[in-house]
Amino acid sequence: MTSILIGLLFIVLGNYMYKIKQNYTIGIRVPWTLNSQENLNRTHRLAAWVFVISGLTLILNAFLQQFWLIIVVILCIIILPVGYSFLLYRKGI
């Protein structure tokens, strides 16, 4: 039941992620996203998809009961948006 609720939370957060404006409180807040509006917009667009897919995966995992899948989801939620943002920063965006 907990995985289903957390999965739904990630789906809802993912649906609002791309609408977040540049701020110091909510969203992917690494230094290079705070320096560039374009970097922030692109990073949040990717993060929105990652959050929704992760939420669906957590809901599926409520029935599969695989602990390793939870670890993979958590790592994806952390590494993919931050890594993508850093790559954009290195490209000069």
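Going by the structure shown, is ARG29 at pLDDT below 95 and in a helix (DSSP H, G or I)?
no
Yes or no: region 6-20 includes at least one residue that is in a helix (DSSP H, G or I), surrounded by fewer than 19 Cβ atoms within 10 Å (Cβ to Cβ) and in contact (Cβ under 8 Å) with a residue 60 or more places away in the chain. Break it down stepwise before answering.
Taking region 6-20 as the starting set, the residues that turn out to be in a helix (DSSP H, G or I) are 6-17.
Now narrow it down to the ones that are surrounded by fewer than 19 Cβ atoms within 10 Å (Cβ to Cβ): 6, 8-9, 11-13, 15-16.
Applying the additional criterion that residues be in contact (Cβ under 8 Å) with a residue 60 or more places away in the chain yields none.
Looking through region 6-20, none of the residues is in a helix (DSSP H, G or I), surrounded by fewer than 19 Cβ atoms within 10 Å (Cβ to Cβ) and in contact (Cβ under 8 Å) with a residue 60 or more places away in the chain.
Give me the pairs: first residue in region 74-87 and more than 15 Å from THR33 (Cα to Cα) and surrounded by 12 or more Cβ atoms within 10 Å (Cβ to Cβ), second residue among the hydroxyl-bearing types (Ser, Thr, Tyr) and modelled with pLDDT of 95 or more, beta-carbon distance under 8 Å, and six or more apart or on different chains, which are they?
CYS76/SER54; ILE77/SER54
Can you tell me which of ALA48, ALA62 is touching a residue at least 60 places away in the same chain (Cβ under 8 Å), touching a helix residue (DSSP H, G or I) at 6+ places or on another chain (Cβ under 8 Å) and surrounded by 14 or more Cβ atoms within 10 Å (Cβ to Cβ)? Steps first, please.
On the way: ALA48 fails: touching a residue at least 60 places away in the same chain (Cβ under 8 Å).
After applying the criteria, what remains is ALA62.
The values are calculated or read from the model by the stated rules, or taken from the named source; none is laboratory data. Keep in mind that what you see is a predicted model, and the values were worked out from it rather than measured. Neighbour counts are summed over all protein chains in view; Cβ atoms, including those assigned to glycine, are modelled from backbone coordinates with ideal geometry.
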